[in-house]
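The values are calculated or read from the model by the stated rules, or taken from the named source; none is laboratory data. What you see is a predicted model, and the numbers here were worked out from it, not measured in a lab. All Cβ positions, glycine included, derive from the backbone under ideal geometry; neighbour counts span all protein chains shown.
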Amino acid sequence: MYGLDCYPSHLTTKVERHAWGVGHFQREVDRDRFRMFFAVHEFEAWLFSQPQIFPRAIRDSVTKKAARPEDVNFDEHPAALLEKIYHTGLKRSYRKTSDGIDLFGKLDPFATAEKCPYLNAMLQEMLVLAKGAGL
């Protein structure tokens, strides 16, 4: 959801923006089989769910966000927060396309879903759809 500027200005929380965005895009597409999902705020929020996947030098800083990873706010989105943590702890930039992909591959989706209710809802809906399709 981070970075989109399509929300009405009075919607400021992730709950409000998520509900509006899902409804808006599902109405726009207007297909029974279409489902809209958002990463709240970016996929990097999910990385915070498992601090053990990060290099030891920054693990403590990441652990502070581990209990509620999707609560990272719109003022300091997850990738920007990781950029700051990487610069402080590792003296280098966070690289979304290499660090992010590497870290994402280490995630246990079940453990992440336990801490990330929006991800969990997305995975549950996908499971229902897959079962309904006979997959």
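Each row is one residue, and each column tells you yes or no for (1) touching a Lys or Arg at 6+ places or on another chain (Cβ under 6 Å); (2) touching a residue at least 24 places away in the same chain (Cβ under 8 Å); (3) under 20 Å from residue 15 (Cβ atoms); (4) outside any loop (DSSP other than H, G, I, E, B).
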| site | (1), (2), (3), (4) |
| --- | --- |
| 93 | no, no, no, no |
| 97 | no, no, no, yes |
| 101 | no, no, no, yes |
| 121 | no, no, yes, yes |
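Residue-level check: of (1) surrounded by 15 or more Cβ atoms within 10 Å (Cβ to Cβ); (2) touching a residue at least 12 places away in the same chain (Cβ under 8 Å); (3) in contact with a helix residue (DSSP H, G or I) (Cβ under 7 Å, 6 or more places away or on another chain); (4) more than 15 Å from residue 115 (Cα to Cα), residue 40 misses just (4). For segment 45-103, which positions are exposed (fewer than 13 other Cβ atoms within 10 Å of the Cβ), at pLDDT below 90 and either in contact with a strand residue (DSSP E or B) (Cβ under 9 Å, 6 or more places away or on another chain) or small (Gly, Ala, Ser) (or both)? Residue satisfying the conditions is 67 alone. Consider segment 18-53 and keep the residues that are basic (Lys, Arg) and outside any helix (DSSP H, G or I). The one that is farthest from residue 124 (Cα to Cα) is 31.
Taking only segment 104-113 into account, find how many residues are loosely packed, with under 14 Cβ neighbours inside 10 Å and without any contact (Cβ under 8 Å) to a residue 40 or more places away in the chain.
Number of matching residues: 3.
Of all residues in segment 59-70, those that are free of Cβ contacts under 8 Å to residues at least 12 places away in the same chain have Cβ atoms under 9 Å from Cβ atoms of residues that are surrounded by 15 or more Cβ atoms within 10 Å (Cβ to Cβ) and not in a helix (DSSP H, G or I), 6 or more apart or on another chain, in 64/48.
Residue 115: over 13 Å from the mean Cα position of the chain (by Cα) and either farther than 17 Å from residue 50 by Cα or among the charged types (D, E, K, R) (or both), yes or no? Full working, then the answer.
Details: over 13 Å from the mean Cα position of the chain (by Cα): no; either farther than 17 Å from residue 50 by Cα or among the charged types (D, E, K, R) (or both): yes.
Against the criterion (over 13 Å from the mean Cα position of the chain (by Cα) and either farther than 17 Å from residue 50 by Cα or among the charged types (D, E, K, R) (or both)), residue 115 does not qualify.
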